[in-house]
1. Check every one of the helices (runs of 4 or more DSSP H) wholly within region 9-94 and list those with 1 or more residues that are modelled with pLDDT of 85 or more and aliphatic (A, V, I, L, M).
2. Within region 1-36, how many residues turn out to be touching a residue at least 40 places away in the same chain (Cβ under 8 Å) and in contact with a strand residue (DSSP E or B) (Cβ under 8 Å, 6 or more places away or on another chain)?
3. Residue by residue through region 1-38, note down the ones that are buried (at least 16 other Cβ atoms within 10 Å of the Cβ) and closer than 21 Å to residue 65 by Cα.
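The values are calculated or read from the model by the stated rules, or taken from the named source; none is laboratory data. Owing to the predicted nature of the structure, the values given are computational and were not obtained by experimental measurement. Cβ coordinates were reconstructed from backbone atoms using ideal geometry, including for glycine residues, and neighbour counts include every protein chain displayed.
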Amino acid sequence: MLKVRIRAIAEAKGYNIRTFAAETGMSYPAAHALWHGRTTRIELDTLATLVRVLGVGPGELFVEESGDGAGDGPFVDMGANIRETLVREPVPAS
């Protein structure tokens, strides 16, 4: 099973749940669900925001856990190229 590790990363960066919600622009309930790993899906726009705010690659936000709770490493390290792609600003229409 894939789990988010938002809380550990955010706390290491000095955020608490309220400052995390404010910085990401999320509602408190949405931030709370992510913080406590109670979310089952993440929109790509939200993923891009998390990568930008937390300053990590997308793969660093997830761990793959077996049924016994093992697995505390990143699921996939997608690298800086993916991170840059996710946080790239939209190109204005001409």
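1. Values: elements: 17-24, 28-35, 44-54, 79-87.
Per the criteria, 17-24, 28-35, 44-54.
2. From region 1-36, those touching a residue at least 40 places away in the same chain (Cβ under 8 Å) are 1-6, 9-10, 13; that's our starting set.
In the following step, the residues that additionally are in contact with a strand residue (DSSP E or B) (Cβ under 8 Å, 6 or more places away or on another chain) were identified as 1-5.
Of the residues in that region, 5 qualify.
3. Let us first name the residues in region 1-38 that are buried (at least 16 other Cβ atoms within 10 Å of the Cβ), namely 3-7, 9-10, 15, 17, 20-21, 23-24, 26, 31-35.
Once the filter is applied, which keeps residues that are buried (at least 16 other Cβ atoms within 10 Å of the Cβ) and closer than 21 Å to residue 65 by Cα, region 1-38 yields 3, 4, 5, 6, 7, 9, 10, 32, 33, 34, 35.
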